[in-house]
Number of protein chains: 2
Amino acid sequence: MNEHHLEMIELELAILIRRTTTKKTGNLERSAYLLLHQINSHGAAGVKALAAEFDLDISTVSRQAAALEQKGYVTRVPDPVDGRAYSFQITDLGIKELLDEKQARKAKVGNVVKNWSDEEKQIFGELLKKFNIAATNKR
Amino acid sequence: MNEHHLEMIELELAILIRRTTTKKTGNLERSAYLLLHQINSHGAAGVKALAAEFDLDISTVSRQAAALEQKGYVTRVPDPVDGRAYSFQITDLGIKELLDEKQARKAKVGNVVKNWSDEEKQIFGELLKKFNIAATNKR
DNA sequence: AAAAAAACTTGTATAATACAATTATATACC
DNA sequence: GGTATATAATTGTATTATACAAGTTTTTTT
């Protein structure tokens, strides 16, 4: 029976991921959204730290950060003591975009779980978070 | 409080999706895996039906099916009554690959939820499925 | 029989990613 | 203090997954 649960989780995760991959919700791409979210909630950081946080290649984050900068959502702040390093600071426009995007995403998710009980929504959120934390610790 | 649940689901979904996108589990790509799974569990089908099932563009499925064919996991069967149409039939090799991949994926998921109770695993699987079904119906 | 529709493939473009090479600066060593 | 090495970041190149547009072949409609 344990096997059966795993099978269900595994398959449904695969389906979920394929279905939501590439379907843009608002204006921000998923990667840009998460990067902005991270900078907003944990403060300015450089590409190395951000890449480590997300378990992405530095080059990937470098491009994403450059794209955010180009749109004016973050500014590049030179490190005062290390001439090689920068950190990315969110701008007011970036905060606005982040909140707008979050709102759009919440509305979309809300529409899907419209008929769920509050308890179900809560448990689903908590289990997703628990799964993410466990997966991060095992990587 | 409802808002808070949505926010959690929304954020954790975004994290989950980014984390699992591109990280290959076994030999089969996610798209190929789901396509094989579908053909295996619902029988041979053509690209149009498969694309409709997955809500993907026909051209996308056409390429994926061609890739599976090239690897010998499916064979292309001409439609006996319509010269334009084919269906894709899973091969023994395809079944073997599918099962191997499923096993690898289950092991990986199993590792993440190793310390979860049976009930938590069950509920997580069920809520994921419920979410997927609801999302599919709203698309 | 010609026109329109349908099933599928192929061309082209975009997003997200990784790995390899490169650039510029900092640190270590002697 | 100068050379060698390490580090922070960017840039080049490739892959996967996707969409949309154009093209091919066959079928259906009229």
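Derivation of every value follows stated rules applied to the coordinates shown; laboratory data play no part. All values derive from a computational prediction rather than experimental measurement. Cβ coordinates were reconstructed from backbone atoms using ideal geometry, including for glycine residues, and neighbour counts include every protein chain displayed.
Peptide A:102-110: average number of partner chain Cβ atoms within 10 Å per residue?
Counting Cβ atoms of other protein chains within 10 Å of each residue's Cβ and averaging gives 5.
Against the longest principal axis of chain A, how steep is helix A:30-42, in degrees 0 to 90 to the nearest 10, with axes from Cα atoms?
70
Against the longest alpha carbon principal axis of chain A, how many degrees, from 0 to 90 and to the nearest 10, is the axis of helix A:92-112 turned?
It is inclined by approximately 10 degrees.
Apply the Karplus curve 6.51 cos²θ - 1.76 cosθ + 1.60, θ = phi - 60°, to the phi angles in segment B:65-73 and return the couplings in whole Hz, x for Gly and Pro.
5, 4, 5, 5, 5, 4, 7, x, 8
Non-local amide H neighbours of B:Ala45 (under 5 Å, H modeled in plane, Pro and chain starts lacking H): which ones?
Those qualifying (amide H under 5 Å, at least 5 residues apart or on another chain) are B:Phe88.
How far, in nm to one decimal, is B:Glu69 from itself in the other copies if the label point is set 7 angstrom along Cα toward Cβ? Shortest first, please.
So the distances to the same position in the other copies read 4.7 nm.
Taking the label point 7 Å from Cα in the Cβ direction, how far apart in nm is A:Leu99 from each other copy of itself, listed shortest first?
Relative to the other copies, A:Leu99 has label-point distances of 5.6 nm.
What fraction, in whole percent, of alpha-carbon pairs in segment A:28-139 exceed 24 Å separation?
The share of Cα pairs beyond 24 Å in segment A:28-139 comes to 36 percent.
Please list, in chain and number order, the residues 5+ apart from B:Val74 or on another chain whose amide H is under 5 Å from its amide H, with Hs placed from the backbone.
HN-HN under 5 Å from B:Val74: B:Glu69, B:Thr91.
Would the protein assembly as shown count as rounded, prolate or oblate if I go by the C-alpha gyration tensor, calling it rounded below 1.5 in a/c and otherwise prolate when a/b exceeds b/c, oblate otherwise?
Prolate.
Name the chymotrypsin sites (Phe, Trp or Tyr not before Pro) in segment A:51-95 that are in a loop by DSSP and that have at most 15 other C-beta atoms within 10 Å, would you?
The qualifying sites: there are none.
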